[in-house]
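All remarks here apply to the structure that follows.
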There are 2 protein chains.
Amino acid sequence: MNIQTLKGFRDFLSLDAKKRQYVMSTWQKVFESYGFEPLVTPTLEYDELLTGKYGEEGEKLMYRFVDNGERKVAMRYDQTVPTARVVAQYQSQLPVPYKRYQIQNVFRADNTQRGRYREFTQCDIDTIGLNSATSDAEIVATVYFAFKALGFTSTKVLINDRVVFEGLAPEAIATIDKLKKIGEEGVCKELVSRGISSSEEEAKNLLQSIIDAKASQRLEEIFAVLETMGVPKDAVIYSPTLARGLDYYTGMIFEIEIPEYTVGSVAGGGRYDELIGMFAGRQIPAVGVAFGFDRTIDAMDEMGLFPSEVLQASAKALVTIFNKDLGQKSLEVSTKLRSQNIPVELWLDDNAKMDKQLKYADAKKIPFAIIIGPEEAEKNVVTLKNLAERTQEQLPLEDLIKKLLQ
Amino acid sequence: MNIQTLKGFRDFLSLDAKKRQYVMSTWQKVFESYGFEPLVTPTLEYDELLTGKYGEEGEKLMYRFVDNGERKVAMRYDQTVPTARVVAQYQSQLPVPYKRYQIQNVFRADNTQRGRYREFTQCDIDTIGLNSATSDAEIVATVYFAFKALGFTSTKVLINDRVVFEGLAPEAIATIDKLKKIGEEGVCKELVSRGISSSEEEAKNLLQSIIDAKASQRLEEIFAVLETMGVPKDAVIYSPTLARGLDYYTGMIFEIEIPEYTVGSVAGGGRYDELIGMFAGRQIPAVGVAFGFDRTIDAMDEMGLFPSEVLQASAKALVTIFNKDLGQKSLEVSTKLRSQNIPVELWLDDNAKMDKQLKYADAKKIPFAIIIGPEEAEKNVVTLKNLAERTQEQLPLEDLIKKLLQ
């Protein structure tokens, strides 16, 4: 039997699970500080709701099956289509604008060799039902401060308005979008080979005209709002050749880069006024962003941004059990510490050698061990062992509490 | 097209999602204060791992299908079997005891008319790899304090040791387990009709012998530890006829009741030493509990235990926009308030009537609205409207900050 996870699916044991929780709860707090409220939708939806929404590629990657009741169902593939359903289904109940965030897992039967997972966490925030420069800017500012709250200080926002591509064919935009990857020459060659420009010179002129394009009036407004919202001016970079592949964007587009993290952008989004109304049967403007959840975790690891509380056990100390007779003392100390809101773990077995208990604390990354042996019991103190520094001291319970509350 | 969720599946819009988040994060904190660490497993597993683990009923209710790669897969049905897989797969990496909590959704194609959902949240904590009275007691204490942290003050722990049923056939135990539902007479009749007792008198004697059974030595130890752990004596009720249906329990069993909430128990668990080793190929003792997540939300609603922060919008105030000219002022105020860690929502459109903005704040349960009109701008103050009390006052920004930080 395969005692393992399916390819592309992951377990998250304590430390990894805690890192993910930390990022999620940090972001939730930022999102809520701007008035975005949570939305949770089911893992399964009617297949007909999702089908035809993700292009040819998406159709192949969707998890779909027939359930026990002969219903065609599909697993969550993204969070935009379910949100569009929610907007249609609860129209009258939802505030306008509807500002929601959603952090759930999606399922794509993708090629795992490309470093992709088949179940992964998506994190989106969107402002739905309004088209304004302030709403565009607010999404960008929220993302900027979401990364700042995690400790990223060098975050750059590359930003553009799809209006600069007006009149260009989708293939031309897709080619220009590759500028960073293949360089100016590469882009020009591809513009010619794709028959978009008739000569390399024409291609060069086309590309140059885009590079020289002035920021749109809307972008200028967005820049001004961003500044008042506290996003530093030098963090916002007007990038006229930024296209973002997806052709559903209708206005501002942006990507978030962490210069120290070279794998790729960690978030991206923009205005997409034609998509959210798909089920409601009318045009509903929207602006939003998708965070790269796994990449963010990765970047935080690389840059050492997780605070030590996240990288350690939740318990601050292991209260060891010296022997069966002294077990009651240890139990009392653990209760006392918890009553002071100090998370501690009590060793649960009165038959284990001290060495085994200390190794357990070490393996679990619990920073301290507390020992109450016969000497400590008699002197009415405890021994506090700092497991990383390999130091120890005896102190009375009140001082222990003070020390652990620091 | 069906613009709706599948039967038995639910959306959670802002308020409901926030309630669930609140319960989860409150519990996580309690679990971690006892040294339980999070575990997250995939939504899909190899079908062969899950098959045959949940009895005849479970086989029918599982969501299973063949994926694009011709693998037989199944959706998470519970959290115990995946945990057993994790224990077998990562044996050497896991601390012993392995104390983990898991809060994820499971999928059961159950009859929704029984008020059951097909996707619902399970919350489990377990201590794996150890058999001791302290570990039994710790699970019970953690559950008790998890409910206390939510504001439940009348929580009762019904507790028993399966040892009282030693020598009894499973059908006899199942019958006795119904005592609360069908009464003594009902139980005796069923004991006879099932051929367990040959007469009603014999049945009465059997039942009485169980009702009179003294608490086991192990239970007495557990009671003593619970008391030292701070669980009030009168919250723990020895219940010799409590059997809990599942026949995999091997020692202590318990259920948590909230007297004011009459739908049923809100958590239950016990020691089950024969299950977790199923994939590891050896006996691994374990004790744990499953929380009734939906019932807990339900009980909190009924008893009014959600704090007002959870029942309101996350934003404390809506900063309205008086008109286009004064928009900049409002934007500055919202940035200032957020820099003081006051979550506020900024109205995003400089073309809306004040009435519309106030209605929006009301609908979204934002408690305050802030208005900066020409008069306020000139006097360098803001108007703060308490939307519930329909009162308002003018005050300078510094006082506004103080007031909202209260």
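The values are calculated or read from the model by the stated rules, or taken from the named source; none is laboratory data. Please read these numbers as outputs of a predicted model, since none were measured by experiment. Cβ placement follows ideal geometry from the backbone for every residue including glycine, while neighbour counts extend to all protein chains displayed. Each accessible area value is taken on the protein alone, full model and side chains, heavy atoms only, with ligands, DNA and RNA left out. Shrake-Rupley method; radii C 1.70, N 1.55, O 1.52, S 1.80 Å.
Ordered by 1.4 Å accessible area with all protein chains kept, A:36, B:120 run largest first as B:120, A:36.
Looking only at other chains, what is the average number of their beta-carbon atoms within 10 angstrom of each beta-carbon in A:310-317?
If you average over the peptide's residues, the count of other-chain Cβ atoms is 3.
Under the convention that each Lys and Arg Cβ holds +1 and each Asp and Glu Cβ holds -1, the size of the dipole of the range B:132-232 around its Cα centre is about 380 debye.
For the residue pairs A:148/B:359; A:29/A:156; A:53/B:7, alpha carbon separations beyond 27 Å are given by A:148/B:359.
For residue B:344, the residues whose amide H sits under 5 Å from its own are B:316, ignoring neighbours fewer than 5 places away on the same chain, with H placed 1.01 Å from N.
For the range A:215-312, the list of trypsin sites (Lys or Arg not before Pro) that fall in a loop by DSSP and count at most 13 other C-beta atoms within 10 angstrom reads A:282. Amide H contacts under 5 Å for residue A:77: A:107, restricted to partners 5 or more places along the chain or on a different chain, H placed in the peptide plane at 1.01 Å from N. Ordered by 1.4 Å accessible area with all protein chains kept, A:117, A:261, B:238 run largest first as A:117, B:238, A:261. Shown in residue order for the range B:72-82 are the 3J(HN,Hα) couplings computed by the Karplus curve 6.51 cos²θ - 1.76 cosθ + 1.60 at θ = phi - 60°: 7, 10, 9, 7, 3, 9, 7, 10, 7, 5, x Hz (x for Gly and Pro). Buried surface for the B/A pair, taken as the accessible area of each chain alone minus that of the pair with a 1.4 Å probe, is close to 7600 Å² in total. A probe of 1.4 angstrom, applied to the heavy atoms of all protein chains, finds residue A:62 with accessible area near 0 square angstrom. The local environment of residue A:393, defined by Cβ-Cβ distances under 10 Å, has a net charge of +1 under the rule Lys, Arg +1 and Asp, Glu -1.
Go through B:232, B:219, B:175 and say which Cα lies farthest out towards the positive end of the charge dipole of chain B; charges sit on Cβ, +1 for Lys and Arg, -1 for Asp and Glu. Most positive-ward Cα: B:232.
Put simply, the amide H of residue B:100, placed in the peptide plane, has neighbours under 5 Å in B:37, B:126, B:128, leaving out anything fewer than 5 places away on its chain.
If you take the alpha carbon radius of gyration of the range B:307-406 and divide it by 2.2 N^0.38 Å, what ratio comes out, to two decimals?
Normalised Rg, Cα atoms only: 0.98.
Phi angles of the range A:17-31 translate, via the Karplus equation with coefficients 6.51, -1.76, 1.60 and θ = phi - 60°, into HN-Hα couplings of 5, 5, 4, 5, 4, 4, 4, 4, 6, 5, 5, 3, 4, 5, 4 Hz per residue; Gly and Pro are given as x. Taken along its three principal axes, the alpha carbon spread of the range A:38-90 comes to 28, 28, 17 Å, from the longest extent down to the shortest.
The two copies B and A are related by a rotation, and the chain B beta carbon nearest its axis, with distance in whole angstrom, is B:65, 2.
With R₀ set to 41 Å, the beta-carbon distance separating residue A:402 from residue A:89 gives a calculated FRET efficiency near 0.15. Within straight-line reach of residue B:329, meaning a Cα separation under 18 Å, sit the following lysines at least 8 residues removed in sequence or on another chain: B:353, B:379, B:385.
Distances over 45 Å make up what percent of all Cα-Cα pairs in the protein assembly as shown? Spell out each step's value before the answer.
On the way: 112975 of 329266 pairs.
So the pairs more than 45 Å apart make up 34 percent of the total in the protein assembly as shown.
Treating the point 7 Å from Cα along Cα-beta-carbon as the label, what are the nm separations from residue B:323 to the other copies, to one decimal? Label point to label point, same position, other copies: 8.6 nm.
Taking the convex hull of the Cα atoms, report for chain B its projected area averaged over all directions, in nm². Mind dumping the intermediate values first?
Values: hull surface 109.1 nm².
Its average projected convex-hull area is 27.3 nm².
Between copies, residue A:373 shows label-point distances of 7.7 nm, shortest first, with the point placed 7 angstrom from Cα along Cα to C-beta. Over the range A:352-406, the Kirkwood radius and the radius of gyration, each from Cα atoms, give a ratio Rg/Rh of 0.97. Plainly put, the tip 7 Å out from Cα toward Cβ on residue A:70 is 2.9 nm from that tip on each other copy, the closest given first. Taken residue by residue and averaged, Cβ atoms of other chains lying within 10 Å of the Cβ of A:99-107 number 2.
Taking every residue in A:12-20 and counting other chain Cβ atoms within 10 Å of its Cβ, the average works out to 5. Across the range A:178-222, the convex hull enclosing all Cα atoms gives 83 Å³ per residue.
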